[in-house]
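Okay, structure first, notes after.
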Amino acid sequence: EVEITSNTDLIGYGDKVPPDWFSKVIVMIAILLSMVVTPMLSASITSFMVTNELKQAQGMSEVSFEDHIVISGWNRSGKMILDRLYIDRLKTPMNIVLLNSYSSETNQEIIEQYPKIKIQFIHGEPTSKGVLQRANVSKAKSVLMLADTSPEGIVKSDEQMLLATLAIRHIAPKVWIC
């Protein structure tokens with residue numbers, strides 16, 4: 001019976017020592033491997049978690065919600081809608097996806113105002129099939145279309161809303177669009 005102990009401060013056999021040289025070599029290999037494998041595994045897990053957090057903060061992750069509400073675009077009506085949903089949230093849990101081209105900082109400010117609603121931000125144009133798929137529009141309960149009142153969006157707001165509505169209808173024919 002051989003006990004192997006390995007950590008960053010101390011490497012040793014413990015109270016028991018391998019009886020022959022072959023066993024000693026095996027124990028040394030196990031100790032050396034544990035010094036390599038453990039940090040690599042820890043680094044991989046940490047890297048995965050940080051990457052997911054960064055993608056979500058930048059609006060580049062994929063939504064796993066189902067029966068959620070997608071708010072496409074943003075203007076002052078968006079705040080009124082979220083205020084109302086926030087009040088309703090006290091009665092029923094809900095998930096919201098903000099789909100727009102605003103900065104992640106702007107969207108984070110919006111999200112922080114509603115701590116009791118699970119809100120995820122997706123960055124991009126609602127006319128893009130890939131963006132709509134990241135927002136999981138095909139499994140959404142409804143999509144609320146808001147005219148973009150940013151300086152870039154005002155010029156082609158009606159055109160964008162029409163194209164976005166057609167793109168959503170193509171991906172999710174049964175979703176309710178307003």
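Take every Cα pair under 8 Å in the chain that's 6+ residues apart, average their separations, divide by the length, and report that relative contact order as a whole percent. Intermediate results must be reported in sequence, preceding the final value.
Working: 249 pairs, mean separation 38.0, N = 178.
Relative contact order comes out at 21 percent.
Counting Lys and Arg as +1 and Asp and Glu as -1, what is the net charge of the other residues whose Cβ lies under 11 Å from the Cβ of residue 55?
Surrounding charge for residue 55 is -1.
What percent antiparallel are the DSSP beta bridges of the chain, to the nearest 5?
The antiparallel proportion sits near 10 percent.
Is the shape of the stretch 60-102 rounded, prolate or oblate, going by the alpha carbon gyration tensor and its root eigenvalues a ≥ b ≥ c, with a/c under 1.5 for rounded and a/b larger than b/c for prolate?
On the way: a/c = 3.05, a/b = 1.11, b/c = 2.73.
Verdict is oblate for the stretch 60-102.
Just grab the label-to-label distance for residue 45 and residue 112, each label 7 Å out from Cα along the Cβ direction, in nm (one decimal).
For the pair residue 45/residue 112, the computed spacing is 3.0 nm.
Treating only the Cβ atoms of Lys and Arg (+1) and Asp and Glu (-1) as charged, compute the dipole magnitude of the stretch 79-178 about its Cα centre; round to the nearest 20 debye.
Details: 13 positive and 10 negative charges, 139 e Å.
I would put it at about 660 debye.
Under the classification rounded if a/c is under 1.5, otherwise prolate if a/b is larger than b/c and oblate if not, where does the stretch 105-178 fall, given a ≥ b ≥ c as square roots of the Cα gyration tensor eigenvalues?
Details: a/c = 1.94, a/b = 1.15, b/c = 1.69.
Because a/c hits 1.5 or more and a/b fails to exceed b/c, the stretch 105-178 counts as oblate.
Given the peptides 75-82, 97-104, 34-41, 163-170, arrange them by the average over their residues of other C-beta atoms within 10 Å, most packed first. Write down the numbers at each step before the final one.
Working: 75-82: 14.2, 97-104: 21.1, 34-41: 11.2, 163-170: 16.8.
The packing order, highest mean first, is 97-104, 163-170, 75-82, 34-41.
Amide H of residue 122 versus every other amide H placed in the peptide plane: which residues, excluding those fewer than 5 positions away on the same chain, fall under 5 Å?
98, 99, 100
Under a point-charge model restricted to the Cβ atoms of Lys and Arg (+1) and Asp and Glu (-1), what is the dipole moment magnitude of the chain relative to its Cα centre, in debye to the nearest 20?
Details: 17 positive and 19 negative charges, 169 e Å.
Dipole about the Cα centre, nearest 20: 820 debye.
Summarise the accessible area of the chain (1.4 Å probe, protein heavy atoms) by the percent that is carbon and sulfur. Write out the running numbers ahead of the final one.
Values: 6980 of 11580 Å².
So the carbon and sulfur contribution to the accessible surface is 60 percent.
Per residue, what accessible area does the stretch 103-147 have, given a 1.4 Å probe and all protein chains present, in Å²?
Values: 2140 Å² over 45 residues.
Per-residue value: 48 Å².
Between residue 24 and residue 87, what FRET efficiency comes out of the Förster formula 1/(1 + (r/R0)^6) with R0 = 41 Å and r the beta carbon distance, rounded to 0.05? Provide the component values of the computation, followed by the final result.
Values: r = 70 Å, r/R0 = 1.70.
After rounding, the FRET efficiency stands at 0.05.
5 Å is the cut-off here: which amide hydrogens, built 1.01 Å from N in the peptide plane, fall below it relative to residue 177, excluding neighbours closer than 5 in sequence?
143
The values are calculated or read from the model by the stated rules, or taken from the named source; none is laboratory data. Just so it is clear, the model here is predicted, and its values are computed rather than measured. Backbone-built Cβ (ideal geometry, glycine too); neighbour counts: all protein chains shown. Surface areas here come from the heavy atoms of the whole protein model, side chains and all, with no ligands, DNA or RNA. Shrake-Rupley method; radii C 1.70, N 1.55, O 1.52, S 1.80 Å.
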